[in-house]
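Below is one structure, written out as structure tokens, with a few remarks after it.
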Amino acid sequence: MDSGSENSEDVNKRFCDLLGEFIENSSPYFQYDSSMKLAFSCFGLAISTGIRIDATRELLEMADKLYQNISDSDTVLSDEHRKKLNHADDVWLDMKAKMSAGDIRASHLLAAHAHLADALNYLTIIKKDKNFSEFISDYNMKYLSKLSVFVYREAIGHVML
């Protein structure tokens, strides 16, 4: 086997922009990052349906602000967005009717909700890591949780404004 420079790279690590160093591929940070990017993709697909475009773009904007908040704590939700999310109490709503009807927008929003919930789980894990704890605020976790619920409500058509 060739032992050239391409083999000297540690394939078990990759660069973390947040820390500015190489960390293990298995870090929950990368899972968080992927979950947020999957949520963004789902919002894009929901926007492509042409239904409630402005409302869906607003969800994407809120998610993006929370995503940016990790690396820039000055990037926060607007007062209007915080007020909306503060009314997003967790509630169980049945998605079966929407899924049975083949509601594409609701399906994409439900997927975005699930990815946001996964991202929150990964944030909870990485907040305990001393290398990441300074980047993960209670603010970010609180509003990511509320956004996930808000997206779920939007998917089912049960939005409380």
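The values are calculated or read from the model by the stated rules, or taken from the named source; none is laboratory data. Being a predicted model, the structure only gives us computed values, none of them experimental. Cβ coordinates were reconstructed from backbone atoms using ideal geometry, including for glycine residues, and neighbour counts include every protein chain displayed. Each accessible area value is taken on the protein alone, full model and side chains, heavy atoms only, with ligands, DNA and RNA left out. Shrake-Rupley method; radii C 1.70, N 1.55, O 1.52, S 1.80 Å.
Using just its DSSP H runs of length 4 or more, each adding -39500 (n - 2.57), the chain gives a mean residue ellipticity at 222 nm of -19500 deg cm²/dmol after division by all residues.
Rounded to the nearest whole Hz, the Karplus-based 3J(HN,Hα) values (6.51 cos²θ - 1.76 cosθ + 1.60, θ = phi - 60°) of the stretch 102-110 follow the sequence x, 6, 5, 4, 4, 5, 5, 5, 5, with x at glycine and proline. Less than 5 angstrom separates the built amide H of Lys13 from those of Asn25, all sequence-distant by 5 or more or on a different chain.
The stretch 6-80 and the stretch 103-161 have Cα centres spaced 11 Å apart.
Working from Cα pairs under 8 Å separated by at least six residues, relative contact order for the stretch 15-103 is 16 percent. The share of accessible area on the chain that comes from carbon and sulfur is 51 percent, using a 1.4 angstrom probe.
According to the Kirkwood relation over distinct C-alpha pairs, the hydrodynamic radius of the chain is 16.9 Å. Residues in the stretch 63-73 carry Karplus couplings, in order, of 4, 5, 4, 5, 5, 5, 4, 4, 9, 9, 5 Hz; the curve used is 6.51 cos²θ - 1.76 cosθ + 1.60 with θ = phi - 60°, and Gly or Pro positions show x. Once Lys and Arg get +1 and Asp and Glu get -1 on their Cβ, which of Ser34, Ala63, Ile51 lies farthest toward the positive end of the dipole of the stretch 25-161? In the stretch 25-161, that residue is Ile51. The base-10 log of I(q)/I(0) for the stretch 95-145, evaluated at q = 0.20 Å⁻¹, reads -0.69 [Debye formula, identical scatterers on Cα atoms, solvent excluded].
Charged side chains reduced to their Cβ positions (Lys and Arg at +1, Asp and Glu at -1) give the chain a dipole of some 780 debye around its Cα centre.
A Förster radius of 45 Å combined with the Cβ-Cβ distance from Ala97 to Met141 puts the calculated FRET efficiency at roughly 0.90.
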